[in-house]
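Only the coordinates and a few stated rules stand behind these numbers; no lab work does. These figures come from a predicted structure and were not determined experimentally. In this analysis, Cβ positions are derived from the backbone assuming ideal geometry, glycine residues included, and neighbour counts consider all displayed protein chains.
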Amino acid sequence: MSSQGFPFVGAMRNDEIEPDAGKAYVFRRGLGRWTHLDELFAAEGDAADRFGRAVAMDGDPTVMGVPDARKDAGTPVDGPAR
């Protein structure tokens, strides 16, 4: 997926913040090669949130799915995640 030519790659099982908290990576293609630009993650991400499981774009806005986000120690989030 890409927004304005910048592909996003979701890594829902990334463990850098918490086990399976997830991340998404942003790339750009230039001079015949891909360059890693940035990493996106939930600032208050928890284990098993799986940030980046889905990516949706409509013009400029990009939305990252966080399907297993929890609000308070095991309580499912109602509505948009954090």
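Suppose the chain between R70 and M57 were pulled fully straight at 0.36 nm per residue; how much longer would it get relative to their current alpha carbon spacing? Net length gain for the segment: 2.3 nm. Close amide H partners of L40, meaning residues 5 or more places away or on another chain with modelled amide H under 5 Å apart, are A24, Y25, V26.
Taking a sphere under 14 Å around the Cβ of D15 and counting the other residues whose Cβ falls inside, with K and R at +1 and D and E at -1, yields a net charge of -3.
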